[in-house]
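Every read-out reported here was derived from the displayed coordinates using simple, explicitly stated rules and does not represent laboratory data. The model shown is predicted, which means the values in this text are computed figures rather than measured ones. Glycine also receives a Cβ, built like all others from the backbone with ideal geometry; neighbour counts cover every protein chain displayed.
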Number of protein chains: 2
Amino acid sequence: MREVAILGVGQTQFGELWDRSFREIGIEAGFQALESSKLSSRDLSALYIGNMASGAFIDQEHVAPLVLDYSGLSGHHFPSVRVEAGEASGAVALAQAYLAVASGEYDFVVVGGAEKMTDVPEDRGSAISSSTMDQEWERVFGASMPALWALAARRHMIDHGTKREHFARLSVLDHENGSKNPLAHYRNKITLEQVLGANAVAEPLGMLDCAPSSDGAAAVVLGPLDRARKFTDTPIRIAASQIATDTMALMHRRDITTLDSTVLAAKRAFQRAKLQPSQIPLAEIHDSYSIAGLMALEDLGFYQKGEAGKALANGEVGIGTRLAINTSGGLKAQGQPFGAVGIAQVVEIVRQLRGEAGARQVSGATVGLAHNVGGTGATSVVHILERVN
Amino acid sequence: MREVAILGVGQTQFGELWDRSFREIGIEAGFQALESSKLSSRDLSALYIGNMASGAFIDQEHVAPLVLDYSGLSGHHFPSVRVEAGEASGAVALAQAYLAVASGEYDFVVVGGAEKMTDVPEDRGSAISSSTMDQEWERVFGASMPALWALAARRHMIDHGTKREHFARLSVLDHENGSKNPLAHYRNKITLEQVLGANAVAEPLGMLDCAPSSDGAAAVVLGPLDRARKFTDTPIRIAASQIATDTMALMHRRDITTLDSTVLAAKRAFQRAKLQPSQIPLAEIHDSYSIAGLMALEDLGFYQKGEAGKALANGEVGIGTRLAINTSGGLKAQGQPFGAVGIAQVVEIVRQLRGEAGARQVSGATVGLAHNVGGTGATSVVHILERVN
């Protein structure tokens with residue numbers, strides 16, 4: 001397989017974009033990514049789109065040729081492919097595009113992630129958001145996504161001595177970072193007291209432990225590493241791109257305080273990249289719920305099980321420490337347009353590795369990790385990105 | 001890229017399967033495909049699923065890990081990926097799996113296509129079926145899929161002298177072939193008079209010009225060609241796998257009597273396979289509407305524009321002629337479970353090339369073509385398959 005690099009990145013504002021349609025945000029992110037490289041649309045050979053639920057949210061399937069068409073590129077007639085893996089749709093789309101370029105079949109490919117979530121009433125939105133869990137064995141009995149993550153949180157508190165305050169700190173950290181990201185859905189800082197005092201959603205999780213529903217899109221341009229210098233001064237190599245899966249329903253897991261899919265995707269990715277977790281100074285982790293982020297810190301190998309909470313409480317994690325996480329603001333503050341999340345994480349890592357992250361810039365990082373989860377962990381994806389010197 | 005072969009195939013009954021769920025039919029097709037090769041589930045490295053609209057039809061996204069899980073294979077934790085491209089979801093999924101094996105990343109992969117369409121009321125089903133056209137520029141003005149294909153039919157009649165009887169013959173041919181396929185949704189033969197006399201859906205198209213809504217699943221197992229003999233006596237090589245796209249809305253096409261996406265996918269596929277249309281004795285073509293099938297015969301290069309109608313009327317096409325098409329019964333008679341269609345076409349070609357097609361067996365074919373379309377042609381996919389001697 002050929003080595004593959006990221007040549008350009010783009011991202012729209014995340015938030016409630018009521019005045020803009022799915023196709024409009026898809027196009028904006030794609031063209032930004034194209035323009036940030038020196039590629040022209042004539043150089044492209046395929047488009048991939050990560051999207052979770054356009055059929056349910058906007059009554060529109062077949063969104064890959066839709067975005068291609070309204071980008072003015074339908075005349076090129078090149079392949080366009082939508083990939084869906086719940087909230088991990090973005091990273092799974094990236095993984096497919098990576099293989100397509102690595103195989104030699106395509107040279108330059110745009111991979112976008114997009115979701116338009118706020119045009120439906122809130123109850124309908126909740127229902128759609130629950131469609132990544134098992135309908136027949138979870139949803140039908142009344143389970144919601146926050147309820148399932150609350151079960152994991154309670155179990156984690158019982159089994160590992162984790163405290164409510166521990167995971168609440170992730171939301172504080174996300175908002176702190178998000179305040180420095182002009183594209184973030186929320187730019188206000190919040191305090192630990194506010195997180196702990198917020199209305200309960202599914203105890204122990206409150207309103208401020210849960211990432212919002214957002215509209216937004218993000219995109220990257222991929223190409224063969226050996227041709228990357230022609231199109232960018234700072235190619236970012238994809239050192240690893242790994243997907244792992246697990247049972248759909250939480251009740252079938254051997255242990256609900258860990259995502260085996262994340263453990264395995266990370267293990268395989270570190271192997272491929274010939275790196276250890278301790279060598280990663282920069283990570284975007286999937287914290288759709290604060291407890292999910294805490295578990296990810298453990299499952300990715302940054303902390304032993306039961307240690308991440310204390311690390312968060314002691315301020316061992318964040319910009320300026322040995323492990324900067326969610327410099328974008330994470331899912332909680334940057335926002336959570338399902339299909340876009342996995343690509344936006346990669347966009348942030350690329351910006352950091354290129355030194356283009358503005359007020360939230362981490363210094364000296366040459367390698368970073370992105371971690372995207374679908375459902376309650378039936379799909380996990382880990383990408384490791386490396387700046388090429 | 002490595003050469004890739006199909007090692008096994010499987011398919012469920014197509015029809016109104018009210019007593020069986022999405023996951024059940026997905027599992028049945030997958031295991032059949034696995035059993036028809038000599039692979040064990042331990043040999044597998046990934047699962048791909050082509051599905052168009054499970055979110056809308058059964059309120060369930062994230063169907064790739066769902067099927068993997070209920071196949072009892074979640075313990076392997078390998079990647080599972082859903083691909084969506086409207087009614088071409090099956091073939092686009094196959095194209096992605098092909099690239100993944102060709103790249104060397106995965107060795108043995110199951111690719112399934114599945115759709116459960118008949119559990120929703122008919123009006124809801126029609127709405128979902130229209131979600132592959134452009135919502136904002138077609139659907140909102142009242143366009144339906146049969147109405148758009150009827151426009152193409154009228155234009156074809158005016159521009160190319162095609163007669164109503166010409167495309168009606170495709171439905172007769174499909175039902176003739178379907179009567180010999182035990183898995184077909186419809187096994188009754190129909191006459192030209194019945195097609196012409198059926199109630200109008202969107203003139204000139206009547207009830208019997210339109211493929212049904214069906215439930216069903218189909219699957220194939222892929223692997224590297226150089227290891228194929230270990231798992232099957234009759235490996236079928238994927239000689240070409242090509243996707244092309246076009247505008248979403250019909251009104252933006254340069255000519256609505258031709259699908260440029262099909263023309264280009266076919267051209268690229270023939271180039272890759274180093275074959276001419278005249279060398280293909282066997283094809284499954286996407287005739288969701290009879291006129292679509294007629295246009296496909298021209299766009300794939302089997303006939304000049306305006307000649308396919310006469311060829312159909314003269315009985316030049318069909319089992320026993322130089323070009324056997326839709327030996328499965330095609331979309332009209334075998335049925336049209338959206339995400340499964342593109343895989344079922346490939347299953348039929350493989351069965352024919354292996355000499356396992358029973359009463360509908362074509363004699364002596366060593367190469368065949370499968371043609372799958374999404375929407376009104378925003379996506380087209382062509383696969384060329386070859387028996388390895």
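For this structure, a couple of remarks:
- Solution diffusion estimate, µm²/s, Stokes-Einstein, segment B:82-192, Kirkwood Rh from C-alpha pairs, 10 °C, viscosity 1.306 mPa s: 90
- By DSSP, the beta bridges lying fully in chain B are antiparallel in about 70 percent of cases.
- Listed by chain and number, the lysines whose C-alpha is less than 23 Å from the C-alpha of residue B:230, apart from same-chain residues fewer than 8 away, are B:38.
- Mean per-residue shielding of peptide B:93-106 is 5, counting Cβ atoms of other chains within 10 Å of each Cβ.
- Span from the segment A:8-76 Cα centroid across to the segment A:172-200 one, whole angstrom: 29
- Mean ellipticity per residue at 222 nm, deg cm²/dmol - from DSSP H runs of n ≥ 4 across chain A, formula -39500 (n - 2.57): -10500 deg cm²/dmol
- Calculated from the alpha-carbon coordinates, segment B:6-144 shows an Rg and a Dmax of 16.0, 52 Å respectively.
- Net charge, residue B:60 excluded, C-beta distance under 10 Å - Lys, Arg +1, Asp, Glu -1: -1
- Electrostatic tally near residue A:137: other residues with Cβ closer than 15 Å to its Cβ, Lys and Arg +1, Asp and Glu -1, net -4.
- Largest first, the three principal axis extents of the alpha carbons in segment A:254-305 are 29, 24, 17 Å in whole numbers.
- Simple Cβ-charge dipole of segment A:288-389, Lys/Arg +1 and Asp/Glu -1, about Cα centre, in debye nearest 20: 160
- Across the copies of the chain, residue A:127 has label points (7 Å from Cα along Cα→Cβ) spaced 1.0 nm apart, shortest distance listed first.
- Rg/Rh for segment B:56-101, where both radii come from Cα atoms and Rh is the Kirkwood radius: 1.00
- Fraction of antiparallel bridges per DSSP, the protein assembly as shown only, in percent to nearest 5: 70
- Rg/Rh, computed from the Cα trace of segment A:211-324 with Rh as the Kirkwood radius, has the value 1.01.
- Each principal axis of the Cα atoms in chain A has its own extent, and those three values, largest first, are 56, 45, 38 angstrom.
- The protein assembly as shown - Rg (one decimal) and Dmax (whole number), Cα, Å: 25.3, 82
- Judged by the mean number of other Cβ atoms found within 10 Å, the most tightly packed of the peptides B:293-306, A:44-57, B:138-151, B:191-204 leads the ranking A:44-57, B:293-306, B:138-151, B:191-204.
- In order along segment A:160-176, phi translates into HN-Hα couplings of 10, x, 5, 10, 3, 5, 4, 6, 4, 5, 5, 5, 4, 4, 4, 5, 4 Hz, rounded to whole numbers, per the Karplus curve 6.51 cos²θ - 1.76 cosθ + 1.60 with θ = phi - 60° and x for Gly and Pro.
- Neighbour counts of C-beta atoms inside 10 Å place B:159, A:233 in the sequence A:233, B:159, starting with the fewest.
- For segment A:66-147, the Kirkwood estimate of hydrodynamic radius, built from reciprocal distances between every pair of different alpha carbons, is 15.4 Å.
- Alpha carbon convex hull of segment A:253-389, projected area averaged over orientations, nm²: 7.9
- Counting Cβ atoms of other protein chains within 10 Å of each Cβ in A:136-142 and taking the mean gives 2.
- Given A:116/A:332; B:180/B:274; A:163/A:332; A:163/A:305; B:189/B:332, the pairs whose alpha carbons are separated by over 21 Å: B:180/B:274
- Label distances, nm, residue B:322 versus same residue in remaining copies, Cβ-directed 7 Å point: 7.4
- Here the protein assembly as shown is assigned +1 on the Cβ of each Lys and Arg and -1 on the Cβ of each Asp and Glu. Its dipole about the Cα centre then comes out at about 2040 debye.
- Take residue A:272, move 7 Å from Cα toward the beta carbon, and the resulting point lies 2.2 nm from the same point in each other copy, nearest first.
- Between segment B:116-135 and segment B:342-389, the alpha-carbon center distance in angstrom: 27
- For the axis carrying chain B to chain A: nearest C-beta residue of B, whole Å: B:103, 2
- Peptide packing for A:216-223, B:27-34, B:105-112 was compared via the average number of neighbouring C-beta atoms within 10 Å per residue; ordered from the highest value, the list is A:216-223, B:105-112, B:27-34.
- The local environment of residue B:31, defined by Cβ-Cβ distances under 13 Å, has a net charge of -2 under the rule Lys, Arg +1 and Asp, Glu -1.
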